[in-house]
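Coordinate-derived values only; no laboratory data. Computed from a prediction, not measured in an experiment: that's the story for all the values here. Cβ atoms come from the backbone with ideal geometry, glycine included; neighbour counts cover every protein chain shown.
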Amino acid sequence: SDSAAPCTPHFDVVVIGGGHAGTEAAAAAARCGSRTLLLTHRVDTIGQMSCNPSFGGIGKGHLMREVDALDGLCSRICDQSGIHYKVLNRRKGPAVWGLRAQIDRKLYKQNMQKEILSTPLLTVQKGAVEDLVLAEPEPGYPGKSRVRGVVLADGSTIYAESVILTTGTFLRGMIIIGLEMHPAGRLGDQPSIGLAQTLEKLGFMVGRLKTGTPPRLGKESINFSILNKHTPDDPSIPFSFLSDSVWIKPEDQLPCYLTHTNPRVDAIVLENLHLNSHVQETTKGPRYCPSIESKVLRFPNRLHQVWLEPEGMDSDLIYPQGLSVTLPAELQEKMITCIRGLEKAKMVHPGYGVQYDYLDPRQISPSLETHLVQRLFFAGQINGTTGYEEAAAQGVIAGINASLRVSRKPPFVVSRTEGYIGVLIDDLTTLGTSEPYRMFTSRVEFRLSLRPDNADTRLTFRAHKEAGCVSSQRFERALWMKSSLEEGISVLKSIKFSSSKWKKLIPQIPISINRSLPVSALDVLKYEEVDMESLVGVLPEPLEKYTACRELARRLKIEASYESVLSYQLQEIKEVQQDEALQLPHELDYLTIRDVSLSQEVREKLHLSRPQTIGAASRIPGVTPAAIINLLRFVRSTRQSRQQ
Amino acid sequence: ARCSTSAESLVPSSTIFALSSGQGRCAIAVIRTSGPASGLALRSLTALQEPPPARRACLRLLRHPCSGEPLDRSLVLWFPGPQSFTGEDCVEFHVHGGPAVVSGVLQALGSVPGLRPAEAGEFTRRAFAHGKLSLTEVEGLADLIRAETEAQRRQALRQLDGELSQLCQGWAKTLTKALAYVEAYIDFGEDDNLEEGVLEQADREVRALEVALGSHLRDARRGQRLLSGANVVVTGPPNAGKSSLVNLLSQKPVSIVSPEPGTTRDVLETPVDLAGFPVLLSDTAGLREGVGAVEQEGVRRARHRLEQADIILGVLDASDLASSSSCSFLDTVVTPLLAQSQDSGGQRLLLLLNKSDLLSANAPACDIALPPHLLLSCHTGAGMDSLLQALKTELAAVCGDPSTGPPLLTRVRHQYHLQGCLDALGHYQLATDLALAAEALRQARRQLNHLTGGGGTEEILDLIFQDFCVGK
């Protein structure tokens, strides 16, 4: 199998696809020290935002902060490419703030390409992958075979130690407008058919999902003057822990506008369902309503929001978010002109639907390596997710693990108790998905602990130690922040006055002066009416140094607000982590092991998702508490016999 | 070889308590705690400043930590970890076995901060996690957990029967909806259009729930309705002599007896003392199809009661075994029960062939194969002694099994979780930060889920997507 000719290219990690998962995966693998190749159909589409012109949002913003904490790219690129920064949920508590920005498509692509093309150890090559090179499996690891490289459409071979597939919607992608369908991964790009067949032949379970995108409108043809204008935040909050500010001043940013559908839009959708094969198709769509058709069908007689979002600083296009549609183009035009402000709007491209293959994510482990083929990793929409941020999050994890796998180091897995990335990947790998999976904060058990503000303390140190994928600048900064926070909290705890003294110092706090025990400054900082600045106002010594850095002051306030609940949540986290610490042997064949009493149903469920820990096993529906105890016993006994 | 790798790092930080000795008419009941707050529990109930010498019994007066009300004079044992059954700090209270005392001490423990009722098998599981059990000792653990889970499920079913069950389910539904609305407001409130007043609606629901839970908890009478004792249910086809058997066992005319099939239509229950064990004996309608509406309802209730039974007395007419009603009873009730009771924790069945006096002495009773059974005549009293002997064995198994202790523990558990739910709702009302408010509702829902089951994230998401038009 090592008969590679001397001139045949050989890389540690080959990444197929240059979208949001692919760019993060390639850059992460290279940061970990692997010689990495990024293969893409077209170099000029690297970093393309193929759907909405925005990044972040509620839950998604959390993912971006975590990607950044792992030294990923998208947050930094967004801080250089945004044209309207706005934090959502500002009045709902910092644990659920949603960092979000409208992004200039062109700038994002340019900045991303610049970053990718200048990343050390990372090579970019144009090429369509048609097949995988496979070899005998490596002993001691699960899997029926091992990937050794890829075969390109021109017949050439590239050898690789690990391969990451991030093909998005390109696997047997099909674009649908009205009753017309044609094969395409994205408007104007060819789908991957050979690769889809290869994966199916290897025995991967393939499913089909659908998604859609709205039409694009000419900016000049819209009557903004009669619409609701929405301005960005001032000041802008950057996405990255490394950015002190974003590249553009608030006053130079572009506004968004809001309009609504009306009964005439409903009528056009309902009268033309027979011309709309995407909506009639049985391919599983999500329970939520991504298209205007599903909104009208499921929630009739309502006005639905349409946000008019700029596509770029000097772009003539407007993206009508909320108007994803697959009607024939002429009917889309008719529908658009029914809407207030869009009466004379020019449709530049029609909206369209996409149907594509995805691979049941229960076939991959939390490191994103497939159970079937060793050293083959999947990341992004191929795993059934939707959204740039979900893709980027998987990309970083796949890149790190593909690289760790080459050097035979243990995988880097984020637990549900450590991050949104952990929840995302655990949900996918243990439960699978039958609709495009989107991140919501409601999926996260430990939402108060996994906040956008503290992603660095949760992940940066681990990533630095276990994967080496973090720059020293980031590491130093996170270290300084962590120790400053700890010091600040202990100083705040140590300052104690009677409640009546506090009331005199800061009259606006609604504190009861009858409290008998002294109250600490940390307790006072919990009140909505108090922030670090107001504390420093009355106690400049010793608190002044903690307001010199605005981020530090803000984070101290957040820590104080959640302190009492966090200590309680820590206990629950600990209980979950106990189960996570109990690893299940990866070579276990659940269908045949004899020494453990499990029902056939439970065996099949365990066989399919191959949980890595007792904790993951217990989250699989149908795996009973008794089965878990039997597994526990089995694990303990195998561990014992190994030690002897 | 005992294995302790990684066990040290797996120290659970909550403290659990449970009744760990048998029920029935025991003189002494043992109540155990395990976890870091065990010492606090000991101090709270005994007014001891320092824990007593380790592993030595001492006699103390137990008092309720909040009311100061005396509960019992009890032997107290302190087992500091790691030299204890679970490897954690443990306390044992040996109290006088009456139901009032036991439930009083359990409730007192539930009021100590950091203590909560143990889940099925949790003591054993903690012992296991700390390497305190050898592998052979663990062999039976899964069975034990299955049994405890099953016993608790049956217990919960029994306890949550009727009105109380509907109340709990209703509360859980209201709470889930309120939480779904708050979660929707967090995840979609800003860039999707939720209807106006979503939060206000959640607030209203939570306030109404607080009132309902508060008045329920204050109404002490509801607690008294909960049943204690093993549940013995008499079932069989019509006219097999079930009511005669009930009257004979209870030694009083509980049920009307007549030669007419279908005489018993409702579930008739009577508390009796059988072989020294407290028993709730239920007479049920004969199981048959295709009769009038009233009797059908009786049959439905009979089947429902059957699900809650610890011990089932299946009665057949020995002189009528070939009839379709007898065969159908064997096929649909007896066979599945026998298959089930191989699992520990399954319901126990005694099959009785009544009217043995009608069999002619030399003719074989029947030519069909029957599972193990007892012959009996309620008319002559023949076979009664063997029946009582068999019942005693079964009752000892049911009542001696610590897992069936729960009548008392379940009541404590019930109150504990409802109170926990109510406290969490209070936090919801106070929270100004919506993430904190949602956390309080999640906590409240977790408490109720202990009583009703269910409660995953998907349930919340389903409700959100069903009620709101969100997504892009």
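Quick notes on this one:
- For the stretch A:241-350, the list of GluC sites (Glu not before Pro) that fall in a loop by DSSP and count at most 15 other C-beta atoms within 10 angstrom reads A:343.
- Packing, taken as the mean count of other beta carbons within 10 Å per residue, orders the peptides B:281-287, A:134-140, A:321-327, B:349-355 from highest to lowest as A:321-327, B:281-287, B:349-355, A:134-140.
- Of the residues A:256, A:313, A:240, the one whose Cα sits farthest toward the positive end of the charge dipole of the stretch A:216-353, with +1 on the Cβ of Lys and Arg and -1 on the Cβ of Asp and Glu, is A:256.
- At least 20 Å along the helix axis (C-alpha) and Kyte average at least -0.5, DSSP helices within chain A: A:388-406, A:472-494, A:625-643
- Here the simple spin-label model places points 7 Å from the Cα toward Cβ, and for residue B:201 and residue A:583 these points are separated by 4.9 nm.
- Summing Cβ point charges (Lys, Arg +1; Asp, Glu -1) relative to the Cα centre of the protein assembly as shown gives a dipole of roughly 1700 debye.
- The charge dipole of the stretch A:475-573, taken about its Cα centre with unit charges on the Cβ of Lys, Arg, Asp and Glu (plus for the first two, minus for the last two), comes to roughly 280 debye.
- Rounded to the nearest 5, the antiparallel percentage of DSSP beta bridges internal to chain A is 70%.
- Per-pair calculated FRET efficiency, R0 = 60 Å: residue B:28 and residue B:360 via Cβ, rounded to 0.05: 0.70
- Cβ charges +1 (Lys, Arg) and -1 (Asp, Glu), total dipole of chain A, debye: 1120 debye
- Hull volume in cubic angstrom per residue (convex hull over the Cα atoms of the stretch B:236-303): 78 Å³
- Computed over the stretch A:475-573: relative contact order in percent, which uses C-alpha pairs under 8 Å that are six or more apart: 26 percent
- For the peptides A:13-19, A:170-176, A:497-503, A:159-165, the ranking by mean Cβ contacts within 10 Å, running from highest to lowest, is A:13-19, A:159-165, A:170-176, A:497-503.
- For residue A:493, the lysines whose Cα falls under 17 Å of its own Cα, not counting residues fewer than eight places away in the same chain, are A:482, A:501, A:526, A:545, A:557.
- The spacing between the stretch A:195-231 and the stretch A:255-304, judged by their C-alpha centroids, is 15 Å.
- 222 nm mean residue ellipticity, helices alone, for chain A (DSSP H n ≥ 4; -39,500 (n - 2.57); rounded to 500): -10500 deg cm²/dmol
- In plain terms, the C-alpha convex hull of the protein assembly as shown casts an average shadow of 51.4 nm² when viewed from every direction.
- 10 Å Cβ neighbours from other chains, averaged over peptide B:30-39: 0
- In nm, spacing of pseudo-spin labels at residue B:67 and residue A:136 (7 Å Cα→C-beta vector): 7.6 nm
- Averaged over A:579-587, number of beta-carbon atoms from partner chains that fall within 10 Å: 1
- Each listed q (0.11 Å⁻¹) maps to a log10 I(q)/I(0) for chain A from the Debye sum over equal C-alpha point scatterers, namely -1.15.
- Dipole of the protein assembly as shown, positive end: most advanced residue of A:609, B:270, A:376 [Cβ charges, Cα centre]: B:270
- Protection proxy ranking, peptides A:225-234, B:200-209, B:167-176, B:305-314, average beta carbon neighbours within 10 Å, highest first: B:305-314, B:167-176, B:200-209, A:225-234
- Ordering B:434, B:30, B:334 by the projection of their Cα atoms onto the charge dipole of the protein assembly as shown, which places +1 on the Cβ of Lys and Arg and -1 on the Cβ of Asp and Glu, puts B:30 at the extreme positive end.
- Relative contact order for the stretch B:266-326, counting Cα pairs under 8 Å that sit 6 or more residues apart, in percent: 25 percent
- Dividing the mean sequence gap of close Cα pairs (under 8 Å, 6+ apart) by how many residues chain A holds gives a relative contact order of 16 percent.
- Residue A:407-residue A:607 FRET efficiency (beta carbon distance; Förster radius 22 Å; 0.05 resolution): 0.15
- Counting, for every residue in B:175-185, the Cβ atoms of other protein chains within 10 Å of its Cβ and taking the mean gives 1.
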